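Student: First the structure, then my questions, so here it is.
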Amino acid sequence: MRIFRHLISWALALFLIAMFIQANIAPLPDPPEGAVKLFDAPGHNIVFQTIAERSGVSLFEPAGRFVIGITELIAALLLLFPYSRRVGAAIAALVSGMAIGFHLSPWLGREIPVSLDPANTQTDGGLLFMLAIVMLVASLLVMVVHPGRIRG
């Protein structure tokens, strides 16, 4: 049973790490424009620019984007090591929960525009919102499933 818990913990942790790295530094080729937190030019990240415009709070873009990006990378680093995995999962759950909160607010909404161009009315169809929910569930599962140390 313990080996099964280890395998599930590793699989969920690697999923979360891959999602955080993809969202922050985009190692895969041709990332969508405006979707990379740490390397988008100021004012070009679709999610954070939308929040900044709709809320009227200019700190969301780029300062808030960088703070969230660094926090996600710290969570990914902590998830990598078994001894700190629960702390990393807690940070990941906090970030994912905040993302869900913003998606449910009027500042962002469940469907994100695919472009900052006001003439383009296409949205992502709620895919980013669903990804935030899946990441929250995965984070909470890591906190429950990860076996921890054997005391003896």
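The values are calculated or read from the model by the stated rules, or taken from the named source; none is laboratory data. If you're wondering where the values come from, they're calculated on a predicted model, not measured in any experiment. Cβ coordinates were reconstructed from backbone atoms using ideal geometry, including for glycine residues, and neighbour counts include every protein chain displayed. Surface areas here come from the heavy atoms of the whole protein model, side chains and all, with no ligands, DNA or RNA. Shrake-Rupley method; radii C 1.70, N 1.55, O 1.52, S 1.80 Å.
Student: Would you point out which residue out of THR123, THR50 is closer than 15 Å to ALA35 by Cβ and surrounded by fewer than 17 Cβ atoms within 10 Å (Cβ to Cβ)? Reasoning before the result, please.
Tutor: Values: THR50 fails: surrounded by fewer than 17 Cβ atoms within 10 Å (Cβ to Cβ).
Of the residues listed, the single one that is closer than 15 Å to ALA35 by Cβ and surrounded by fewer than 17 Cβ atoms within 10 Å (Cβ to Cβ) is THR123.
Student: Let me ask you something else. I'm told TRP107 meets every condition in (1) open to solvent by 60 Å² or more (accessible area, probe 1.4 Å); (2) modelled with pLDDT under 95; (3) out of contact with any helix residue (DSSP H, G or I) (no Cβ under 7 Å at 6 or more places or on another chain) except one. Can you identify the failing condition by its number?
Tutor: (3)
Student: Only one of these conditions is not met by LEU16: (1) within 20 Å of HIS103 (Cα to Cα); (2) among the aliphatic types (A, V, I, L, M); (3) surrounded by fewer than 20 Cβ atoms within 10 Å (Cβ to Cβ). Which number is it?
Tutor: So LEU16 meets the others, but not (3).
Student: Answer yes or no as to whether MET1 is under 12 Å from the mean Cα position of the chain (by Cα) and open to solvent by 70 Å² or more (accessible area, probe 1.4 Å). If you could, list the steps in order and put the result at the bottom.
Tutor: Values: under 12 Å from the mean Cα position of the chain (by Cα): no; open to solvent by 70 Å² or more (accessible area, probe 1.4 Å): yes.
When the stated conditions are applied, MET1 does not pass them.
Student: Restricting attention to the stretch 73-81, does a residue exist that is out of contact with any helix residue (DSSP H, G or I) (no Cβ under 9 Å at 6 or more places or on another chain), in a loop (DSSP other than H, G, I, E, B) and open to solvent by 20 Å² or more (accessible area, probe 1.4 Å)? Even if it seems obvious, please write down each step before you answer.
Tutor: Keep residues of the stretch 73-81 that are out of contact with any helix residue (DSSP H, G or I) (no Cβ under 9 Å at 6 or more places or on another chain), which gives none.
No: zero hits.
Student: Right, here's the next one. Please specify each residue of the stretch 11-57 satisfying the condition of being at pLDDT below 90 and either outside any loop (DSSP other than H, G, I, E, B) or aromatic (Phe, Trp, Tyr) (or both).
Tutor: Correct list: PHE39 only.
Student: If a residue has to be buried (at least 17 other Cβ atoms within 10 Å of the Cβ) and out of contact with any Ser or Thr (no Cβ under 8 Å at 6 or more places or on another chain) to count, how many in the stretch 19-37 make the cut? Outline the logic, then answer.
Tutor: In the first step, residues of the stretch 19-37 are kept if they are buried (at least 17 other Cβ atoms within 10 Å of the Cβ); the result is 19-20, 23-24, 26, 34-37.
Right, trim to out of contact with any Ser or Thr (no Cβ under 8 Å at 6 or more places or on another chain) and you get 19-20, 23-24, 26, 35-37.
Going through the stretch 19-37 one residue at a time, the tally reaches 8.
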